[in-house]
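Visitor: Below are the structure tokens for one structure; questions will follow.
The values are calculated or read from the model by the stated rules, or taken from the named source; none is laboratory data. Note that the structure is a prediction, hence the values are computed from the model and not measured. In this analysis, Cβ positions are derived from the backbone assuming ideal geometry, glycine residues included, and neighbour counts consider all displayed protein chains.
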Amino acid sequence: MEIRTLSAVLSFAEKLEGQGAEFYEDLSNQEKFSENRNFFSDFAKGNRKHKQQVKRAYQESITDAFETGGSFNLEPSDYLVSIAMSGGLGQPAIIKKAIELEEKMGKFYLDAGDQSKSLLADISRTFKLIAKKKSERQNKLRYLYQENKGGLDD
Amino acid sequence: MAVLEEPLKEVMKIKNYVGGEWIGSKGKVTDVKNPALCKTIAKVPLSTRDEVNAAVEAAGDAFPEWRRTPPITRARCLFRLKELLEGHFEEISRIQTMEHGKTIDESRGETRRGIEMVEVATGIPSLMMGYNLEDIATGIDEYLVHQPLGVFGIIPAFNFPFMIPLWFAPFATATGNCVVIKPSPRDPISQVKLAELVEEAGFPPGVWNVVHGGAEAASALLEHQDIKGIAFVGSTRVGKEVYKKCGETGKRAIVQASAKNFLLVMPDADPRRSLPALLSSFYGNAGQRCLAGSNLVIVGEDDAFYKRFVDGFVDASSKLRVGYGLDESIQMGPMQSVDGKERVTKFIERGMEEGAKLRLDGRKPKISGDYPPSCFLNPTVFEDVAPDMEIAKEEIFGPVANVMRAKNLDDAIEKVNRSRYGNAASIFTSSGKYAREFKYRVQAGNVGINIGVAAPMAFFPFGGMKDSFFGVLHGQGRDVIRFFTESKILIQRWF
């Protein structure tokens with residue numbers, strides 16, 4: 001079912017960030033990523049921070065007068081990535097999955113930011129800031145992918 | 001999409017909060033219903049006159065010490081209340097959806113607005129300052145101080161059960177007064193929650209009292225000699241009576257009353273950005289708000305623009321998802337009561353009798369989810385509405401939009417100003433000239449330019465003109481500080 005209300009946007013963002021945190025926490029505990037433990041645990045912390053940022057922006061800027069009911073038309077399936085991984089996946093494949101996750105989340109924040117900009121400027125600004133963070137994370141992951149691609153199975 | 005968890009698990013038995021104690025009432029008890037489910041969620045007493053008198057007495061007893069409490073100490077109570085409200089933000093919001101029916105986004109917006117009032121009132125040491133001038137004559141100085149008056153009564157409407165008392169109570173208590181709030185018996189639960197937090201915040205007993213009830217309790221407040229002023233929000237019909245009674249008993253009064261708000265769309269308006277604002281204005285809170293759009297005036301003689309705009313509005317209105325407000329996918333909740341739905345339904349029938357064209361009929365509602373239809377309506381749109389039709393003149397207080405045309409801006413402003421009400425009016429345009437002309441000439445207390453709901457923030461007064469407001473000083477902002485204080489003049493000379 002498409003997302004039409006700000007409340008649903010908030011819940012979906014929380015779901016995405018929760019899923020992201022879980023994914024990176026899992027990676028940080030995997031033996032094959034032992035050299036990148038901190039890298040992934042920082043990503044998980046980042047997800048939790050983004051979740052807080054979104055919630056705060058929402059709760060502090062929502063008022064009864066803003067256009068919360070009719071501004072959004074987002075399709076959840078456009079932003080969801082399955083994070084289920086089979087045990088045999090190599091590091092590059094997993095990092096590719098992480099890049100895809102960040103791309104989809106970034107797209108979600110950009111789209112939600114665009115659709116919320118009519119009156120909810122603080123929310124729109126927060127979404128765009130987080131989208132920028134997601135883009136930076138994609139670059140870091142791409143770098144990591146390049147580093148790992150040579151020596152490991154895809 | 002999943003329905004959010006309900007914070008009220010069993011039927012609540014509501015008590016009055018008087019003198020810092022939770023006291024049962026001897027009055028009759030009435031049901032508070034969740035309008036989406038048609039299910040009783042609380043039992044609220046209709047307190048007796050004696051019980052109201054006891055609350056006024058408790059407030060009067062608390063007043064001498066409270067007014068002597070330094071403003072910064074009073075402000076600290078409000079700071080603590082603000083923190084507690086933030087901590088219970090979600091619970092309070094969900095309670096509002098349960099007792100009123102509004103969507104969860106709307107409830108959270110209402111909670112935020114309420115908290116903002118408390119935040120602004122914490123600035124009371126600055127807000128309450130007087131002024132002075134040395135040497136008004138040689139060696140003589142003059143001072144003005146603002147002093148609290150005593151006990152105030154607050155009689156809010158049902159449509160914003162949490163927020164409306166907060167337009168007044170934080171400012172009243174911050175200035176050193178004591179209050180007796182009589183919430184609407186239709187949706188009093190969030191006021192119970194608020195009083196619990198007031199108690200936890202450490203307000204001294206008797207400063208903040210809540211007495212539940214109906215007309216008898218309201219009359220008792222209006223007639224009580226020790227009440228210095230009344231803040232009332234409700235219909236013009238009752239508001240006029242309240243204002244009259246306040247005059248007879250020498251009380252100050254803020255009376256915020258009914259509305260019939262016009263939204264003008266100029267030919268140069270941006271349809272893409274205007275539409276969400278219009279939908280929110282007409283259908284937000286299911287149209288049960290004094291700032292809701294009611295008459296949509298499309299300005300100009302361009303038939304193609306008119307058709308395109310109205311078709312788009314009707315189409316978007318028809319697509320709004322209606323259901324239980326705790327379901328996050330819902331864009332419009334039910335009416336707050338069966339009576340409310342019946343009243344709106346009668347207006348729709350009246351509009352048809354008067355010859356308006358029913359473009360979208362919300363009387364047989366399509367509801368998302370398996371809920372009883374008792375309180376639900378869908379958005380309704382009338383076209384070809386003439387200004388002298390009853391549906392164009394009277395407050396409907398429901399999700400009904402009346403579309404009319406005006407030849408030009410002059411014609412449109414004339415239509416707005418012909419209304420007996422003057423609560424809010426908005427224009428959608430990209431022309432500064434049109435906007436300036438509109439805000440200058442329109443007779444409405446809250447004016448929006450490309451804003452659908454021109455709701456003033458806590459630090460500005462809530463405007464209102466003509467039959468939408470009775471009184472001199474308004475709620476919120478600097479006005480309300482003046483309302484809750486007496487200006488005392490001191491002129492001194494030393495020999």
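Visitor: Is it fair to say B:Glu21 is closer than 22 Å to B:Gln336 by Cβ and out of contact with any strand residue (DSSP E or B) (no Cβ under 6 Å at 6 or more places or on another chain)? It would help to see each step written out before you state the result.
Guide: Working: closer than 22 Å to B:Gln336 by Cβ: no; out of contact with any strand residue (DSSP E or B) (no Cβ under 6 Å at 6 or more places or on another chain): yes.
Spelling it out, it is not the case that B:Glu21 is closer than 22 Å to B:Gln336 by Cβ and out of contact with any strand residue (DSSP E or B) (no Cβ under 6 Å at 6 or more places or on another chain).
Visitor: Filter segment B:208-223 down to the residues that are within 26 Å of B:Cys77 (Cα to Cα) and either surrounded by fewer than 24 Cβ atoms within 10 Å (Cβ to Cβ) or of a type in the set (A, V, I, L, M) (or both) and list them by number.
Guide: Selection gives B:Val210, B:Val211, B:Leu221.
Visitor: A follow-up question, please. Looking only at residues in segment B:26-54 that are of a type in the set (Ser, Thr, Tyr) and part of a strand (DSSP E or B), which one is surrounded by the fewest Cβ atoms within 10 Å (Cβ to Cβ)?
Guide: Here the answer is B:Thr40.
Visitor: What is the one condition in (1) out of contact with any Pro (no Cβ under 9 Å at 6 or more places or on another chain); (2) hydrophobic (A, V, I, L, M, F, W, C); (3) buried (at least 19 other Cβ atoms within 10 Å of the Cβ); (4) not in a loop (DSSP other than H, G, I, E, B) that B:Leu358 does not satisfy?
Guide: (3)
Visitor: Turning to a different aspect of this structure: Does B:Thr173 count as within 14 Å of another protein chain (Cβ to nearest Cβ) and in contact (Cβ under 8 Å) with a residue 60 or more places away in the chain?
Guide: Numbers: within 14 Å of another protein chain (Cβ to nearest Cβ): no; in contact (Cβ under 8 Å) with a residue 60 or more places away in the chain: yes.
No.
Visitor: Same structure again: What pairs can you find where one residue is in segment A:15-30 and polar (S, T, N, Q), the other is not in a loop (DSSP other than H, G, I, E, B), and their Cβ atoms are less than 7 Å apart, with a gap of 6+ or different chains?
Guide: Sorted first by the residue in segment A:15-30, then by its partner, the pairs are A:Ser28/A:Arg37; A:Ser28/A:Phe40; A:Ser28/A:Ser41; A:Ser28/A:Ala44.
Visitor: Being under 16 Å from B:Gly153 (Cβ atoms), of a type in the set (Gly, Ala, Ser) and without any contact (Cβ under 8 Å) to a residue 40 or more places away in the chain narrows it down to one of B:Ala220, B:Ala253, B:Ala215, B:Ala195, so name that one. Before you say what the answer is, go through the steps one by one.
Guide: Numbers: B:Ala220 fails: without any contact (Cβ under 8 Å) to a residue 40 or more places away in the chain; B:Ala253 fails: without any contact (Cβ under 8 Å) to a residue 40 or more places away in the chain; B:Ala195 fails: without any contact (Cβ under 8 Å) to a residue 40 or more places away in the chain.
On inspection, the qualifying residue turns out to be B:Ala215.
Visitor: Quick check on segment B:293-309. Is at least one of its residues outside any helix (DSSP H, G or I), within 26 Å of the chain's Cα centre (by Cα) and over 20 Å from B:Gly351 (Cα atoms)?
Guide: No, that holds for no residue.
Visitor: Also, I was wondering about something else. Go through segment B:283-332 and report how many residues are touching a residue at least 24 places away in the same chain (Cβ under 8 Å) and within 14 Å of chain A (Cβ to nearest Cβ).
Guide: Number of matching residues: 30.
Visitor: Among the residues of segment B:236-288, write down those that are in contact with a Pro (Cβ under 9 Å, 6 or more places away or on another chain) and among the aliphatic types (A, V, I, L, M).
Guide: Within segment B:236-288, B:Val265, B:Leu279, B:Ala286 qualify.
Visitor: All but one of (1) closer than 27 Å to B:Lys244 by Cα; (2) in contact with a helix residue (DSSP H, G or I) (Cβ under 9 Å, 6 or more places away or on another chain) hold for B:Phe438; which doesn't?
Guide: Looking at each condition in turn, B:Phe438 falls short on (1).
Visitor: Moving on to the next point. A:Ala121 fails exactly one of the following numbered conditions: (1) modelled with pLDDT under 90; (2) surrounded by fewer than 20 Cβ atoms within 10 Å (Cβ to Cβ); (3) under 23 Å from A:Gln30 (Cα atoms). What is the number of that condition?
Guide: The failed condition is (3).
Visitor: State yes or no: is B:Ser184 hydroxyl-bearing (Ser, Thr, Tyr), touching a Gly at 6+ places or on another chain (Cβ under 8 Å), at pLDDT 95 or above and surrounded by 24 or more Cβ atoms within 10 Å (Cβ to Cβ)?
Guide: Values: hydroxyl-bearing (Ser, Thr, Tyr): yes; touching a Gly at 6+ places or on another chain (Cβ under 8 Å): no; at pLDDT 95 or above: yes; surrounded by 24 or more Cβ atoms within 10 Å (Cβ to Cβ): yes.
No.
Visitor: Of the residues A:Thr5, A:Thr63, which is buried (at least 19 other Cβ atoms within 10 Å of the Cβ), out of contact with any Leu (no Cβ under 6 Å at 6 or more places or on another chain) and free of Cβ contacts under 8 Å to residues at least 24 places away in the same chain?
Guide: A:Thr63
Visitor: When you check A:Lys97 against the structure, is it charged (D, E, K, R), over 20 Å from the mean Cα position of the chain (by Cα) and at pLDDT below 95, yes or no?
Guide: The answer is no for A:Lys97.
Visitor: Quickly run through segment B:85-134 and pick out the residues that are assigned to a loop (DSSP other than H, G, I, E, B), within 14 Å of chain A (Cβ to nearest Cβ) and within 23 Å of B:Phe203 (Cβ to Cβ).
Guide: B:His88
Visitor: Residues of segment B:333-378 being of a type in the set (D, E, K, R), free of Cβ contacts under 8 Å to residues at least 40 places away in the same chain and more than 28 Å from A:Ser11 (Cβ to Cβ), which ones?
Guide: Residues satisfying the conditions are B:Asp339, B:Glu342, B:Lys346, B:Glu349, B:Glu353, B:Glu354, B:Lys357, B:Asp361, B:Arg363, B:Lys364.
Visitor: Which of the following residues is under 28 Å from B:Pro365 (Cβ atoms) and either part of a loop (DSSP other than H, G, I, E, B) or within 18 Å of the chain's Cα centre (by Cα) (or both): B:Ser274, B:Ser280? Talk me through it step by step, then tell me what you get.
Guide: Values: B:Ser274 fails: either part of a loop (DSSP other than H, G, I, E, B) or within 18 Å of the chain's Cα centre (by Cα) (or both).
After ruling out the rest, the residue left standing is B:Ser280.
Visitor: A follow-up question, please. Within the bounds of segment B:340-353, is there any residue that is within 12 Å of chain A (Cβ to nearest Cβ) and out of contact with any strand residue (DSSP E or B) (no Cβ under 9 Å at 6 or more places or on another chain)? Break it down into steps so the answer makes sense when it comes.
Guide: Step one: filter segment B:340-353 for residues within 12 Å of chain A (Cβ to nearest Cβ), giving none.
Among the residues of segment B:340-353, not one is within 12 Å of chain A (Cβ to nearest Cβ) and out of contact with any strand residue (DSSP E or B) (no Cβ under 9 Å at 6 or more places or on another chain), which makes the answer no.
Visitor: Additional query: Can you name the residue in segment B:31-87 that is of a type in the set (A, V, I, L, M, F, W, C) and without any contact (Cβ under 8 Å) to a residue 60 or more places away in the chain and, of all such residues, is farthest from B:Ile104 (Cα to Cα)?
Guide: Ranking the qualifying residues of segment B:31-87, first place goes to B:Ala54.
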